[in-house]
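Heads up, the thing below is written out as structure tokens.
Laboratory data are not the source of any read-out in this text; all were calculated from the coordinates shown. This structure is a prediction, so every number in the text was calculated from the model and none was measured. Note that each Cβ is placed from the backbone with ideal geometry, even for glycine, and that neighbours are counted across all protein chains shown.
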Amino acid sequence: MSLFTVHKETLEKLWPHALPHLERFAKETLLASPEDIKRDISEGEKQLWMVEKGGRVVAVAVTLVYETLRGRVCTIWAACGDSGIEEIKTTFPEIENWAESIGCVAVEIRGRKGWKRVLEGYAETGILLEKSLIRIH
């Protein structure tokens, strides 16, 4: 199993391998379409990571790095795939190491509460609340 970053130069070639995972992410979260994610990656706003195992891409992650008053923060913005808990535990440290190498002071994950059980060293520092403003007439 290996984790690698997809660079702008190889995005078109590797995109078909990420697409099924990102379509599932879009369907489950309604946060962004695969096309929106692809645009953000090609414009350098987000980074795409792929987990390869046995010659096929079994998972993808999308990161976003942004500036805060305390320094740069890397958010694991999306993660989706067919990989198991052990594979996740071995790939996330690689993203953490990358984030540290580019000067990030923290890595955060926005997602399901289940991530807290899977990943060591992450503390629940808040929650994300949402109120729908859509009214049904």
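Given only helices, namely DSSP H runs of n ≥ 4 each adding -39500 (n - 2.57), what is the per-residue ellipticity at 222 nm of the chain, to the nearest 500 deg cm²/dmol?
Mean residue ellipticity, 222 nm, calculated: -11500 deg cm²/dmol.
DSSP loop trypsin sites (Lys or Arg not before Pro) in the stretch 37-137 with at most 10 other Cβ atoms within 10 Å of their Cβ, which ones?
ARG70, LYS113, LYS131, ARG135
Counting Lys +1, Arg +1, Asp -1, Glu -1, what net charge surrounds TRP49 among other residues with beta carbon under 13 Å of its beta carbon? Please list the in-between numbers first.
On the way: positive: LYS46; negative: GLU52, GLU87, GLU94, GLU96.
Around TRP49, the surrounding residues sum to -3.
Can you put LEU22, LEU128 in order, fewest other beta carbons within 10 Å first? Could you put the intermediate results ahead of the total?
Working: LEU22 23, LEU128 6.
Ascending Cβ contact count within 10 Å gives the list LEU128, LEU22.
Among the listed pairs LYS13/LYS116; LYS46/LYS131; LYS38/LYS89, give every one whose C-alpha distance is greater than 32 Å.
Violating the 32 Å limit, Cα to Cα: LYS13/LYS116.
Taking the Cα centre of the chain as origin, work out the dipole magnitude from +1 charges on Lys and Arg Cβ and -1 charges on Asp and Glu Cβ, in debye rounded to 20.
Magnitude of the dipole: close to 440 debye.
Simple spin-label model, 7 Å along Cα-to-Cβ: SER2 to THR125 in nm?
About 3.3 nm separates the two model spin labels.
By its C-alpha gyration tensor, with a ≥ b ≥ c as the square roots of the eigenvalues, how is the stretch 16-111 shaped: rounded for a/c under 1.5, else prolate for a/b larger than b/c, else oblate? Spell out each step's value before the answer.
Numbers: a/c = 1.88, a/b = 1.28, b/c = 1.47.
Oblate is the answer for the stretch 16-111, as a/c is 1.5 or above yet b/c matches or exceeds a/b.
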